[in-house]
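These notes concern the structure reproduced below.
The values are calculated or read from the model by the stated rules, or taken from the named source; none is laboratory data. All of these numbers come straight from a predicted model, not from anything done at the bench. Cβ atoms come from the backbone with ideal geometry, glycine included; neighbour counts cover every protein chain shown. The protein model used for the area step is the full one, side chains on, heavy atoms only, and it has no ligands, DNA or RNA in it. Shrake-Rupley method; radii C 1.70, N 1.55, O 1.52, S 1.80 Å.
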Amino acid sequence: MAGMFMRFPQGKAKALTLSYDDGVEQDIRLIDIMNHHGLKGTFNLNSGEYASEGTLYPKGHIHRRMTKDQATALYTDCGNEVAVHGLTHPFLEQLPENMVMWEVMKDRNNLETQFHTIIRGMAYPFGTYNDMVVGCLEKAGIVYARTVISNHNFKLPQNWLRLETTCHHNDPELMPLSKKFVEQAPQREAWLFYLWGHSYEFDKHDNWQVIEEFAAYVGDREDIWYATNIQIYDYIQAFGRLEFSADGMQAFNPTFTDLYFKKDEKLYCVSPGEKLDII
């Protein structure tokens, strides 16, 4: 294998992440499934759309938003990421620029206060956006924003503010893609499996077995890094900061993260602050 190719933490060649929207009660069951199989992901919340405290939904009601207290209890320290989804879940590209900024920044500020963390990620409400919206996200300190585009591959993101996914959980290609991801090994570039959806859809379609079977199949594997969206973004950004000598025989890591790459079939790890000779 000629060339040098990034590897994820511990030298793994594969990473997997989930992204689920709206902050609905069904996320409770989804997180239980994820935890059981060691999966990680990101939950995109509309802080202006929480249900009123004490809300009781009628039997059969599908889209059941959580209250703020419920959301705080569920997502705090659960091992997953919380991200922006727009204050009121609007079609952002239909708003003037100042209202886009309000929807993004107010949601970000609310969530940062609620969960006492710094939030830099987002999923587009309805999956819609334009260049103006992307420009607003850059100004708002958002570093990635997930679309609803399924590319049916495992390529690493090239445009983080127009972030594509591998597929939706209802995609008929879900398990064929999962089988390829699990059974095959990347020879060059590392792979990322990115799954998205809304957990209320499992009630709507009465198909919780889809995510249960997926999690059981792809989870708890030694060769896969299970991470949140922001963890994957941060690692890839850190890797991009590696410094190499002109002949490529020395590498210096100026970051605070162990960074891995494979060159000519050999795996290397460069520790924070280390200058490594590449043999």
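Quick check: is even one residue across region 94-105 open to solvent by 40 Å² or more (accessible area, probe 1.4 Å), aromatic (Phe, Trp, Tyr) and either in a loop (DSSP other than H, G, I, E, B) or at pLDDT below 95 (or both)? Within region 94-105, not a single residue is open to solvent by 40 Å² or more (accessible area, probe 1.4 Å), aromatic (Phe, Trp, Tyr) and either in a loop (DSSP other than H, G, I, E, B) or at pLDDT below 95 (or both).
Scanning region 136-153 for residues that are part of a loop (DSSP other than H, G, I, E, B) and open to solvent by less than 10 Å² (accessible area, probe 1.4 Å) turns up 140, 142. For the condition under 25 Å from residue 55 (Cα atoms) and either at pLDDT below 95 or open to solvent by 60 Å² or more (accessible area, probe 1.4 Å) (or both), residue 109 qualifies.
None of 66, 101, 6 is aliphatic (A, V, I, L, M) and either within 30 Å of residue 262 (Cα to Cα) or under 16 Å from the mean Cα position of the chain (by Cα) (or both) except 6. Please find, within region 157-181, the residue that is nearest to the chain's Cα centre (by Cα) out of those that are open to solvent by less than 20 Å² (accessible area, probe 1.4 Å) and closer than 17 Å to residue 14 by Cα. Step by step, filter region 157-181, then rank; the result is 165.
Residue count for region 237-246 under the criterion of being farther than 14 Å from residue 258 by Cβ and part of a helix (DSSP H, G or I): the result is 1. Of all residues in region 50-74, those satisfying the criterion of being crowded, with 17+ Cβ neighbours inside 10 Å and touching a Gly at 6+ places or on another chain (Cβ under 8 Å) are 50, 65, 66, 71.
Within region 190-207, the presence of a residue that is under 23 Å from residue 257 (Cα atoms), in contact (Cβ under 8 Å) with a residue 12 or more places away in the chain, over 17 Å from the mean Cα position of the chain (by Cα) and assigned to a loop (DSSP other than H, G, I, E, B) is excluded.
Among the residues of region 33-49, the ones that are open to solvent by 10 Å² or more (accessible area, probe 1.4 Å), in contact (Cβ under 8 Å) with a residue 60 or more places away in the chain and not hydroxyl-bearing (Ser, Thr, Tyr) come to 6 in all.
With respect to the conditions (1) within 27 Å of residue 46 (Cβ to Cβ); (2) free of Cβ contacts under 8 Å to residues at least 40 places away in the same chain; (3) part of a strand (DSSP E or B), residue 268 lacks only one, and its number is (1).
Per-residue answers, yes or no, for (1) in contact with a helix residue (DSSP H, G or I) (Cβ under 8 Å, 6 or more places away or on another chain); (2) at pLDDT below 95; (3) closer than 30 Å to residue 123 by Cβ:
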site	(1), (2), (3)
219	yes, no, yes
222	no, no, yes
226	no, no, yes
238	no, no, yes
243	no, no, no
247	no, yes, no
253	no, no, no
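What do you reckon, is residue 261 in a strand (DSSP E or B) and crowded, with 17+ Cβ neighbours inside 10 Å? It is true that residue 261 is in a strand (DSSP E or B) and crowded, with 17+ Cβ neighbours inside 10 Å.
Selection of region 33-62 for residues being under 20 Å from the mean Cα position of the chain (by Cα) and part of a loop (DSSP other than H, G, I, E, B) yields 38, 39, 40, 46, 47. Select from region 112-125 the residues that are farther than 15 Å from residue 136 by Cα and assigned to a helix (DSSP H, G or I) and write down the one among them that is most open to solvent (accessible area, probe 1.4 Å). Among residues in region 112-125 that are farther than 15 Å from residue 136 by Cα and assigned to a helix (DSSP H, G or I), the one most open to solvent (accessible area, probe 1.4 Å) is 113. The residue that is farthest from residue 278 (Cα to Cα), counting only those in region 12-32 that are in a helix (DSSP H, G or I) and open to solvent by less than 20 Å² (accessible area, probe 1.4 Å), is 27.
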